[in-house]
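Visitor: Mind having a look at this structure? Questions to follow.
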Amino acid sequence: MSPKPSGYVIYEGPSLLDGAPIVVIATIKSRNLKTGNMIQTWIMRADLSPMAASRNGSDASICGLCRHRGKATGATHGVAKDRSCYVDLAKAPMNIWNTWRRGRYPVAVGHAAIAAIGRGRKVRIGAYGDGSAAPAYIVDSLLSEAAGHTAYSHQSGNAGSSYDPARYMVSADSEQAARAAWNVGARTFRVVSDYREMVAGREIACPSSRGIHCIDCGLCDGTARHPGAKSIAIEVHGAGAVHWRAAG
């Protein structure tokens with residue numbers, strides 16, 4: 001009996017952000033200590049490895065103009081200069097991209113096949129990359145029978161993306177940006193240098209700070225399921241924390 005695939009390709013085609021080729025992969029099991037065992041989705045350039053795309057700035061296809069991408073170097077090794085994103089590209093993203101290039105992930109074609117991947121599971125949209133770079137029907141299908149999800153996007157101001165405040169938390173880089181999102185009814189996820197920077201009455205500390213896994217929390221799912229819930233703030237963390245700085 002063939003082993004069950006560890007992931008599936010759920011989209012391969014042009015990015016909604018710039019038309020460049022991207023691939024979206026849903027992996028089935030996760031050892032992520034913060035999220036718990038959620039289905040994880042990875043949005044990556046199809047023609048360049050995550051590290052190569054970071055070095056030359058081509059990760060704009062899957063991250064838009066997110067300030068945490070850093071500055072392209074054009075070098076032949078490493079990642080973008082001053083990259084402050086929490087994702088360590090050398091680990092899971094590179095492993096998953098290389099596994100995909102070796103043809104190890106079958107393609108899930110059509111709504112029913114994609115829906116079956118998420119059925120009864122909690123799903124994280126964007127373990128790396130922004131889910132709104134792919135067509136909305138991909139995420140809609142994956143979540144259609146899921147037990148819940150988390151999702152974050154920097155594309156709330158990009159009309160060409162598939163950003164939907166019902167699905168996504170706005171990744172806000174400043175209090176000003178967060179307030180602008182709140183004013184139009186969206187919820188936000190904001191990185192702060194200290195929890196004392198939270199806006200009283202509008203933000204709460206990420207429950208992960210109390211040891212609660214994302215799979216058990218589920219608050220970062222936009223407005224559809226939790227329309228009146230407060231927004232989330234989290235202290236700076238992850239691979240790029242040393243380069244993080246508050247937006248001016």
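The values are calculated or read from the model by the stated rules, or taken from the named source; none is laboratory data. Everything numeric here is computed off the predicted structure, so don't read it as measured data. In this analysis, Cβ positions are derived from the backbone assuming ideal geometry, glycine residues included, and neighbour counts consider all displayed protein chains.
Visitor: Restricting to the stretch 204-232, and then to whatever is small (Gly, Ala, Ser) and either at pLDDT below 85 or within 16 Å of the chain's Cα centre (by Cα) (or both), can you tell me which residue is surrounded by the fewest Cβ atoms within 10 Å (Cβ to Cβ)? Working first, answer last.
Guide: Pass one, the stretch 204-232, residues small (Gly, Ala, Ser): 205, 208-209, 211, 218, 222, 224, 228-229, 231.
So of that shortlist, the ones also either at pLDDT below 85 or within 16 Å of the chain's Cα centre (by Cα) (or both) come out as 218, 222.
Values: Gly218: 17, Gly222: 24.
So, considering only residues that are small (Gly, Ala, Ser) and either at pLDDT below 85 or within 16 Å of the chain's Cα centre (by Cα) (or both), the one surrounded by the fewest Cβ atoms within 10 Å (Cβ to Cβ) is Gly218.
Visitor: Could you say which residue among Ala151, Ala186 is in contact with a Ser or Thr (Cβ under 9 Å, 6 or more places away or on another chain), of a type in the set (A, V, I, L, M) and closer than 19 Å to Arg69 by Cα?
Guide: Numbers: Ala186 fails: closer than 19 Å to Arg69 by Cα.
After applying the criteria, what remains is Ala151.
Visitor: Ok, one more. Could you list, in sequence order, all residues of the stretch 181-196 that are of a type outside the set (S, T, N, Q) and closer than 16 Å to Ser171 by Cβ? Let's see the steps before the verdict.
Guide: Going through the stretch 181-196, the residues of a type outside the set (S, T, N, Q) turn out to be 181-182, 184-187, 189-192, 194-196.
Across the stretch 181-196, the qualifying residues are Ala181, Trp182, Val184, Ala186, Arg187, Phe189, Arg190, Val191, Val192.
Visitor: While we're looking at this one, here's another question. Being free of Cβ contacts under 8 Å to residues at least 24 places away in the same chain and assigned to a helix (DSSP H, G or I) is the filter; apply it to the stretch 177-206 and report the residue that is farthest from Gly228 (Cα to Cα).
Guide: This residue is Arg196.
Visitor: Then there is this: Please give the number of the condition Val242 fails out of (1) part of a loop (DSSP other than H, G, I, E, B); (2) β-branched (Val, Ile, Thr); (3) modelled with pLDDT under 95.
Guide: Of the numbered conditions (1) part of a loop (DSSP other than H, G, I, E, B); (2) β-branched (Val, Ile, Thr); (3) modelled with pLDDT under 95, the odd one out for Val242 is (1).
Visitor: Filter the stretch 7-26 down to residues that are within 16 Å of Met94 (Cβ to Cβ) and out of contact with any Ser or Thr (no Cβ under 6 Å at 6 or more places or on another chain), then give me how many there are.
Guide: Counting residues in the stretch 7-26 that are within 16 Å of Met94 (Cβ to Cβ) and out of contact with any Ser or Thr (no Cβ under 6 Å at 6 or more places or on another chain) gives 2.
Visitor: Next question. Is at least one residue of the stretch 89-99 assigned to a loop (DSSP other than H, G, I, E, B) and under 16 Å from Asp130 (Cβ atoms)?
Guide: Start the filter on the stretch 89-99 by keeping residues that are assigned to a loop (DSSP other than H, G, I, E, B), which leaves 89-91.
Next, only the ones that are under 16 Å from Asp130 (Cβ atoms) stay: 89.
Scanning the stretch 89-99, I find at least one residue that is assigned to a loop (DSSP other than H, G, I, E, B) and under 16 Å from Asp130 (Cβ atoms), so the answer is yes.
Visitor: Considering the stretch 128-151 alone, what residues qualify as being crowded, with 23+ Cβ neighbours inside 10 Å, out of contact with any Cys (no Cβ under 6 Å at 6 or more places or on another chain) and assigned to a strand (DSSP E or B)?
Guide: Within the stretch 128-151, Tyr128, His149, Ala151 meet the criteria.
Visitor: Mind checking which pairs have a first residue in the stretch 2-22 that is under 19 Å from Tyr137 (Cα atoms) and a second that is surrounded by 14 or more Cβ atoms within 10 Å (Cβ to Cβ) and among the basic types (Lys, Arg), Cβ under 7 Å, 6 or more apart or different chains?
Guide: If the second residue must be surrounded by 14 or more Cβ atoms within 10 Å (Cβ to Cβ) and among the basic types (Lys, Arg), the pairs left are Ala20/Arg45; Pro21/Arg45; Ile22/Arg45.
Visitor: What pairs come up if the first residue lies in the stretch 143-161 and is more than 15 Å from Ile43 (Cβ to Cβ), the second is of a type in the set (Asp, Glu) and surrounded by 15 or more Cβ atoms within 10 Å (Cβ to Cβ), and their beta carbons are under 9 Å apart, counting only those six or more places apart or on different chains?
Guide: Listed by first residue and then by second, the contacts come to Gly148/Asp221.
Visitor: Answer with yes or no whether Gly78 is of a type in the set (Gly, Ala, Ser) and within 24 Å of Ser208 (Cα to Cα).
Guide: Working: of a type in the set (Gly, Ala, Ser): yes; within 24 Å of Ser208 (Cα to Cα): no.
No; evaluated as a whole, the condition is false for this residue.
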